[in-house]
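Let me begin by presenting the structure, written as structure tokens, before commenting on it.
The values are calculated or read from the model by the stated rules, or taken from the named source; none is laboratory data. Just so you know, these numbers come straight off a predicted model, no measurement behind them. Methodologically, a virtual Cβ is constructed for each residue, glycine included, from the backbone with ideal geometry; neighbour enumeration extends over all protein chains shown.
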Amino acid sequence: MINEIKISHRDIELIKAELEANKPYEACGVLVGIINGSTALVEKALPVTNTKRTRTSFELDPKEHYNAWNEAEKDGMEIVGVYHTHPVSSAVPSLWDRETMQNDTSVWLIAGADGMRAYVWENDVKAVKITEY
């Protein structure tokens with residue numbers, strides 16, 4: 001199980017910029033990289049259109065998500081997680097997030113009004129350490 005995510009300062013800044021640019025709506029994207037033991041190493045954060053465009057939920061555009069997955073695979077990587085924003089609430093999984101996480105084994109990085117946190121689902125929501133490089 002993943003217990004740490006390593007992500008560059010550049011990608012953290014990109015996600016923060018997405019949060020600001022899309023306020024009051026949620027923004028989302030994928031985290032492309034590799035899994036090394038219990039660590040998800042993010043090589044790049046890639047914004048994906050939120051087809052729901054609401055203040056309380058997100059849905060990755062299916063075509064963009066597929067293209068990101070395909071490109072990651074061509075580069076010898078994978079989608080290690082997703083990110084989304086909570087522009088007017090804290091960086092903790094909402095009820096909708098929790099329900100959706102149960103069907104997803106990847107890392108969920110949430111950028112909220114109070115900072116950034118990461119989680120995985122392991123019989124319940126489990127916090128994941130974020131290491132910035």
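Brief remarks on what is shown
- Considered as a group, the residues in segment 56-72 that are touching an Asp or Glu at 6+ places or on another chain (Cβ under 7 Å) and of a type outside the set (S, T, N, Q) include one that is surrounded by the most Cβ atoms within 10 Å (Cβ to Cβ), and that residue is Phe58.
- The set of residues in segment 35-55 being over 19 Å from Leu14 (Cβ atoms), of a type outside the set (Lys, Arg) and touching an Asp or Glu at 6+ places or on another chain (Cβ under 8 Å) consists of Ile35, Ser38, Thr39, Thr51, Thr54.
- When Lys16, Lys44 are screened for being basic (Lys, Arg) and in contact with a helix residue (DSSP H, G or I) (Cβ under 7 Å, 6 or more places away or on another chain), only Lys44 passes.
Matching residues to (1) within 19 Å of Ala113 (Cα to Cα); (2) in contact (Cβ under 8 Å) with a residue 60 or more places away in the chain; (3) crowded, with 16+ Cβ neighbours inside 10 Å:
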| position | (1), (2), (3) |
| --- | --- |
| Ile12 | yes, yes, yes |
| Cys28 | yes, no, yes |
| Ile34 | no, no, no |
| Gly37 | no, no, no |
| Leu41 | no, no, yes |
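Here is a yes/no grid of residues against (1) buried (at least 20 other Cβ atoms within 10 Å of the Cβ); (2) modelled with pLDDT of 95 or more:
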position: Gly76; (1), (2): no, yes
position: Gly81; (1), (2): yes, yes
position: Pro93; (1), (2): no, yes
position: Glu99; (1), (2): no, no
position: Gly112; (1), (2): no, yes
position: Tyr119; (1), (2): yes, yes
position: Val125; (1), (2): no, yes
position: Thr131; (1), (2): no, yes
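- Whichever residue in segment 78-116 is of a type outside the set (D, E, K, R) and free of Cβ contacts under 8 Å to residues at least 24 places away in the same chain and, among such residues, is farthest from His65 (Cα to Cα): Leu95
- Top-ranked residue in segment 44-58 [being at pLDDT below 95 and not aromatic (Phe, Trp, Tyr); ranked as nearest to the chain's Cα centre (by Cα)]: Ser57
- Filtered by the rule that a residue be out of contact with any strand residue (DSSP E or B) (no Cβ under 7 Å at 6 or more places or on another chain) and of a type in the set (Val, Ile, Thr), segment 1-56 gives Thr49, Thr51, Thr54, Thr56.
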